[in-house]
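Here's the structure, in structure tokens; my notes come after.
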Amino acid sequence: MSQNQPRIDVEREEKTLQGWIPPLATDAEIRAALERAFNYRGDITLTLKDDSKIEGYLFDRQSQAPTLADCRVSLFPKDSDEKVTISYAQIARLEFSGKDTAHGKSFETWIKKYNERKAAGEKDIRLEPEKLD
């Protein structure tokens, strides 16, 4: 799998960002990748230009400023209770490193599973949500 493309789950034909390392060569690529990270339902790992790394859940961003130095992301680090805010200009690498907790859990997927079980003759079908790790 190329690291420049999101992984496709062939069995479900759905895209997941889990494991993806987007290119960050231009301002537009940085902004687009961090917007996708904001909508991702898993942890990300940022490598900063000083080679330090921070892994956590991106919960907020300020992305509309004219320069990357003025744009910010806010994370809940995996190993700390304190929020961290980082300038886009400090980010050298982004990896969608954590499990995508929303992958494969669309309403359409739920209906498909329900219909498969109903077609197999099951009665009193209950589809329970999967437990989060």
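The values are calculated or read from the model by the stated rules, or taken from the named source; none is laboratory data. The structure presented is a predicted model; accordingly, all values stated were derived computationally and were not measured. Don't worry about glycine lacking a Cβ; one is built from the backbone with ideal geometry, like all the others, and counts go over all protein chains shown.
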Count of residues meeting criterion [closer than 12 Å to residue 88 by Cβ and in contact with a strand residue (DSSP E or B) (Cβ under 9 Å, 6 or more places away or on another chain)] in segment 59-73: 10
Residue in segment 27-36 that is assigned to a strand (DSSP E or B) and at pLDDT below 95 present: no
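Residue by residue, here is whether (1) buried (at least 18 other Cβ atoms within 10 Å of the Cβ); (2) closer than 19 Å to residue 26 by Cβ; (3) touching a Cys at 6+ places or on another chain (Cβ under 8 Å) holds:
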site: 38; (1), (2), (3): no, yes, no
site: 70; (1), (2), (3): no, yes, no
site: 77; (1), (2), (3): no, no, no
site: 87; (1), (2), (3): no, yes, yes
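Considering only residues that are assigned to a strand (DSSP E or B), farther than 16 Å from residue 35 by Cα and touching a residue at least 40 places away in the same chain (Cβ under 8 Å), which ones fall in segment 73-100?
Pass one, segment 73-100, residues assigned to a strand (DSSP E or B): 73-77, 84-87, 91-95.
From what's left, farther than 16 Å from residue 35 by Cα: 76-77, 84.
Matches in segment 73-100: none.
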Answer from 99, 83, 105 - the residue that is of a type in the set (Lys, Arg), within 19 Å of the chain's Cα centre (by Cα), modelled with pLDDT of 90 or more and surrounded by 11 or more Cβ atoms within 10 Å (Cβ to Cβ): 83
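So which residues in segment 43-67 are of a type in the set (D, E, K, R), farther than 12 Å from residue 78 by Cβ and surrounded by 12 or more Cβ atoms within 10 Å (Cβ to Cβ), if there are any at all? Write out each step before concluding.
Of the residues in segment 43-67, the ones of a type in the set (D, E, K, R) are 43, 49-51, 53, 55, 60-61.
From the residues that got through so far, the ones that are farther than 12 Å from residue 78 by Cβ too are 49-51, 60-61.
Correct list: 60, 61.
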Test result for residue 52, more than 23 Å from residue 80 (Cβ to Cβ) and either of a type in the set (S, T, N, Q) or at pLDDT 95 or above (or both): no
